[in-house]
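*Asks:* Following this message is one structure expressed as C-alpha cells.
The values are calculated or read from the model by the stated rules, or taken from the named source; none is laboratory data. Everything quoted here is computed from the prediction, not taken from an experiment. Quick reminder, even Gly has a Cβ in these numbers, built from the backbone with ideal geometry, and neighbours come from all protein chains shown. The accessibility values were calculated without ligands, DNA or RNA, using every heavy atom of the protein model including side chains. Shrake-Rupley method; radii C 1.70, N 1.55, O 1.52, S 1.80 Å.
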Amino acid sequence: MFEQRTIFENDDMQPLASRLRPQTLDEFCGQRHLLGEGKVLRRLIEGDKVGSMIFWGPPGVGKTTLARIIANRTRANFIDFSAVTSGIKEIKQVMEQAEKNRRFGAKTILFVDEIHRFNKAQQDAFLPFVEKGSIILIGATTENPSFEVNGALLSRCKVFVLQALKTEELTELLSRAITDERGFGKQKVEISRDLLEIIANFANGDARSALSTLEMAVLNGELTQDGTTIVTQETIEQCTSKKSLLYDKTGEEHYNLISALHKSMRNSDPDAAVYWLARMLEAGEDPLYIARRVTRFASEDIGLADPRALEIAVAAYQACHFIGMPECTVHLTEAVVYMSMAPKSNSLYIAYGMAKKDALTMLAEPVPLVIRNAPTKLMKELDYGKGYQYAHDTEEKLTNMQCLPDSLSGKEYYFPTEEGIEGKIKTRLDEIKKWKKNN
C-alpha cells in the first residue's frame, strides 16, 4: 500500500508537483491518445479491469500518477514497489502476501517504478505470479521495454507509450497551478501567459520540471505592498539559468531555425550549422526532433555521395535517446559538423520525386509477369514468373530482363553525381547501362 500520512504533515510544505498531482483522470494532463473519452486505457481504468501493463515514457509525463489513480479506483490490494530500493527478498515477501490474497479471492496490483532497474533474476521472480494471476503487474520505465524487460514478462504485459507533454498542455497545467488552491490559488500571483509558455518550452515535455520551475519563480518573485507576487522575465531567466531566446516550438521561428540549420549544412558551413544547432537546443528544442531532421538531411542532401552520413545521423539519434540533454549536445554537434563537411548529392531526393509523380499518375500499371511471384499452381499456369532470369546464375551478375511496366520501359529516375563515393556508383551504373544496351 502507499505510505500513510501522519497528522504532522502539511500540504503547503510539499513541492508544487506533489500538491497538484491529479487525483482523477479528468485532472490528468496530456496522453489523450490513451485517456481521452472512449480510449482503451481509460475504459480499463474506469471499469476496474486493469491487466498487467507497462507504462513507457520520458520523465514527468504521468506514469506514477496513473498508477496512483488506478490505486484510488481499484477494488484490489495495491502495493507500491520501487526497483531502486527493493531486492529479491522483498519481492518474495510481496509475492507470498499476494498469493495469500488470491486464495481468499482478492486481487493484488503491484506497481513497480523504474522496472528497468531490476536485473533479469529479479524480473524472473515476478513471472510465475503474473502467469497464475496472483498479481497484476504495472511497471513504469523511461527505457525501451523491448531491451530492458525480460521477454517472457514483457509478453504478458500490455505496453502503453506515454508521450512527452506538448507545450500547450504544459502551459495549461501551469495556468491551473496559479489558480488552483492546491497550488498558488490562495496567493496573488501575476505572471503573463508568455512567461508560462517560456517555462513550458524549457521543461521539454516534463510536467514535474515545469511545475518545479514555476514554483521557484513564484518563490523568487517580486512582492508588492498589497501582497501580490509578480513574476518577471528576469526572474524566469534567473531560475532557469538561461536567457529566454526568441523561440516558439510551434510557431514561425521554430521553422526559421530548423531551416537555417538545414541550409547551413547544405552550404557546407559547419560554423553556422553549429550556431543554429545551439540556438535551438538552448531555447529548449527537443534534441530528438533535431536528430530526426539531421537523419532526413543525411539522405536528402548527401545520400550515396557518403553513405556513412546516414549511419552517423542514426547513431546521433540513438545517443540522444539514451542520455538526453545536456549530454547529447556533443553527439548532435558531431553529426551536424559531419553533415556539413560531407560531399553533397540530392540525386536520391530527385529520383524519388520523379518516381512518385509517375507512381501517382500510373497506379494501375500491372507488374510485369516475368517478375511476379508464383507460389501456386494457378499462378504458374497464368505465366507468373515465366522467363524470369536469376542474375546470380550469370557470369556478369546481370540480365537484360525488363522490370518496369511496358509504358515506362527505358524510363530513368536515378542520375548519380560525381560527388564522393557516388562517383564510383555512377561509373558502375554507366557500365551496367552499356552492358544492357549491347546484350
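*Asks:* So, in the range 74-129, exactly how many residues are aliphatic (A, V, I, L, M) and in contact (Cβ under 8 Å) with a residue 60 or more places away in the chain? Break it down stepwise before answering.
*Replies:* The initial filter retains those residues of the range 74-129 that are aliphatic (A, V, I, L, M), namely 76, 79, 83-84, 88, 91, 94-95, 98, 106, 109-110, 112, 115, 121, 125, 127.
Now drop any that are not in contact (Cβ under 8 Å) with a residue 60 or more places away in the chain, which leaves 76, 79, 115.
Matching residues across the range 74-129 total 3.
*Asks:* Ok, one more. Between residues in the range 352-365 that are free of Cβ contacts under 8 Å to residues at least 40 places away in the same chain and residues that are surrounded by fewer than 14 Cβ atoms within 10 Å (Cβ to Cβ) and of a type in the set (Phe, Trp, Tyr), which pairs lie under 7 Å by C-beta distance while being six or more apart or on different chains?
*Replies:* Partner pairs satisfying both residue conditions: none exist.
*Asks:* Here's another thing I want to ask about it. For Gly420, state whether it is in contact with a helix residue (DSSP H, G or I) (Cβ under 8 Å, 6 or more places away or on another chain), farther than 23 Å from Arg296 by Cα and surrounded by 13 or more Cβ atoms within 10 Å (Cβ to Cβ). Write out each step before concluding.
*Replies:* Working: in contact with a helix residue (DSSP H, G or I) (Cβ under 8 Å, 6 or more places away or on another chain): yes; farther than 23 Å from Arg296 by Cα: no; surrounded by 13 or more Cβ atoms within 10 Å (Cβ to Cβ): yes.
Against the criterion (in contact with a helix residue (DSSP H, G or I) (Cβ under 8 Å, 6 or more places away or on another chain), farther than 23 Å from Arg296 by Cα and surrounded by 13 or more Cβ atoms within 10 Å (Cβ to Cβ)), Gly420 does not qualify.
*Asks:* Which residues, counting only those in the range 266-322, are among the charged types (D, E, K, R), closer than 24 Å to Thr240 by Cβ and buried (at least 20 other Cβ atoms within 10 Å of the Cβ)?
*Replies:* Glu285 - this is the single residue of the range 266-322 that is among the charged types (D, E, K, R), closer than 24 Å to Thr240 by Cβ and buried (at least 20 other Cβ atoms within 10 Å of the Cβ).
*Asks:* Please go through the range 197-213 and give me each residue that is open to solvent by 40 Å² or more (accessible area, probe 1.4 Å) and assigned to a loop (DSSP other than H, G, I, E, B), ordered by number.
*Replies:* Answer for the range 197-213, where residues must be open to solvent by 40 Å² or more (accessible area, probe 1.4 Å) and assigned to a loop (DSSP other than H, G, I, E, B): just Asn204.
*Asks:* I'd like the full set of residues that are in a helix (DSSP H, G or I), over 18 Å from Thr64 (Cβ atoms) and open to solvent by less than 10 Å² (accessible area, probe 1.4 Å), limited to the range 115-137.
*Replies:* The answer is Gln123, Phe126.
*Asks:* May I pose another question? Can you pull out the residues in the range 345-402 that are among the hydrophobic types (A, V, I, L, M, F, W, C), farther than 22 Å from Glu431 by Cα and touching a Gly at 6+ places or on another chain (Cβ under 8 Å)?
*Replies:* Residues satisfying the conditions are Leu369, Val370, Ile371, Ala374, Met379.
*Asks:* Okay, moving on. Being assigned to a strand (DSSP E or B), out of contact with any Lys or Arg (no Cβ under 6 Å at 6 or more places or on another chain) and closer than 20 Å to Arg208 by Cα: is that true of Val112 here?
*Replies:* Spelling it out, Val112 is indeed assigned to a strand (DSSP E or B), out of contact with any Lys or Arg (no Cβ under 6 Å at 6 or more places or on another chain) and closer than 20 Å to Arg208 by Cα.
*Asks:* Let me ask something additional. Would a scan of the range 291-304 turn up a residue that is closer than 19 Å to Ser259 by Cα, free of Cβ contacts under 8 Å to residues at least 12 places away in the same chain, in a helix (DSSP H, G or I) and of a type in the set (Phe, Trp, Tyr)?
*Replies:* No - not one qualifying residue is present in the range 291-304.
*Asks:* List pairs: first in the range 22-35 and in a helix (DSSP H, G or I), second open to solvent by 60 Å² or more (accessible area, probe 1.4 Å) and of a type outside the set (Lys, Arg), Cβ under 8 Å, 6+ apart or cross-chain?
*Replies:* Between residues of the range 22-35 that are in a helix (DSSP H, G or I) and residues that are open to solvent by 60 Å² or more (accessible area, probe 1.4 Å) and of a type outside the set (Lys, Arg), the close pairs are Leu25/Glu46; His33/Gln163; Leu34/Val40.
*Asks:* Could you identify the single residue in Leu348, Leu398, Leu404 that is within 20 Å of Pro416 (Cα to Cα), in a loop (DSSP other than H, G, I, E, B) and in contact with a Phe, Trp or Tyr (Cβ under 9 Å, 6 or more places away or on another chain)?
*Replies:* Checking each option against the conditions leaves just Leu398.
*Asks:* Let me ask something else. Condition test on Leu162, is it crowded, with 18+ Cβ neighbours inside 10 Å and aliphatic (A, V, I, L, M)?
*Replies:* Details: crowded, with 18+ Cβ neighbours inside 10 Å: yes; aliphatic (A, V, I, L, M): yes.
Here the answer is yes, as Leu162 does meet what is asked.
*Asks:* Which of the residues spanning the range 213-236 are in contact (Cβ under 8 Å) with a residue 40 or more places away in the chain and in contact with an Asp or Glu (Cβ under 9 Å, 6 or more places away or on another chain)?
*Replies:* Thr228, Thr229, Ile230, Val231
*Asks:* When you scan the range 177-190, do you find a residue that is within 30 Å of the chain's Cα centre (by Cα) and assigned to a helix (DSSP H, G or I), even just one?
*Replies:* yes
*Asks:* Can you find, within the range 381-408, the residue that is nearest to Lys433 (Cα to Cα) among those that are small (Gly, Ala, Ser) and touching a helix residue (DSSP H, G or I) at 6+ places or on another chain (Cβ under 8 Å)?
*Replies:* From the range 381-408, those small (Gly, Ala, Ser) are 385, 387, 391, 407; that's our starting set.
From what's left, touching a helix residue (DSSP H, G or I) at 6+ places or on another chain (Cβ under 8 Å): 385, 387.
Working: Gly385: 24, Gly387: 21 Å.
Looking at residues that are small (Gly, Ala, Ser) and touching a helix residue (DSSP H, G or I) at 6+ places or on another chain (Cβ under 8 Å), I get Gly387.
*Asks:* Take the residues in the range 227-273 that are hydroxyl-bearing (Ser, Thr, Tyr) and not in a helix (DSSP H, G or I); name whichever of them is modelled with the lowest pLDDT. I'd like the intermediate steps shown before the answer.
*Replies:* Applying the first criterion (hydroxyl-bearing (Ser, Thr, Tyr)) to the range 227-273 yields 228-229, 232, 235, 240-241, 244, 247, 250, 255, 259, 264, 268.
Add one more test, that the residue is not in a helix (DSSP H, G or I), and what stays is 228-229, 232, 241, 244, 247, 250, 268.
On the way: Thr228: 89, Thr229: 90, Thr232: 88, Ser241: 65, Ser244: 45, Tyr247: 48, Thr250: 48, Ser268: 95.
So the residue we want is Ser244.
*Asks:* Follow-up question, since we're still on this one. So Met216 passes all but one of these: (1) open to solvent by less than 70 Å² (accessible area, probe 1.4 Å); (2) modelled with pLDDT of 80 or more; (3) hydrophobic (A, V, I, L, M, F, W, C). Which condition number does it fail?
*Replies:* Here Met216 meets the rest and fails (1).
*Asks:* All but one of (1) of a type outside the set (A, V, I, L, M, F, W, C); (2) under 29 Å from Ala210 (Cα atoms); (3) in a helix (DSSP H, G or I); (4) open to solvent by 50 Å² or more (accessible area, probe 1.4 Å) hold for Glu169; which doesn't?
*Replies:* Failed condition: (4).
*Asks:* Mind listing just one residue for me: the one in the range 364-390 that is of a type in the set (Gly, Ala, Ser) and closer than 18 Å to Asp406 by Cα and, of those, least open to solvent (accessible area, probe 1.4 Å)?
*Replies:* If we take residues in the range 364-390 being of a type in the set (Gly, Ala, Ser) and closer than 18 Å to Asp406 by Cα, then Gly385 is least open to solvent (accessible area, probe 1.4 Å).
To keep it simple, each residue is scored yes or no on (1) within 20 Å of Leu261 (Cα to Cα); (2) open to solvent by 80 Å² or more (accessible area, probe 1.4 Å); (3) at pLDDT below 90.
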site: Val330; (1), (2), (3): yes, yes, no
site: Leu348; (1), (2), (3): no, no, no
site: Ala351; (1), (2), (3): no, no, no
site: Asp358; (1), (2), (3): no, no, no
site: Met362; (1), (2), (3): no, no, yes
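*Asks:* In addition: Would a scan of the range 69-89 turn up a residue that is under 22 Å from Ser209 (Cβ atoms) and at pLDDT 85 or above?
*Replies:* Yes, the range 69-89 contains a residue that is under 22 Å from Ser209 (Cβ atoms) and at pLDDT 85 or above.
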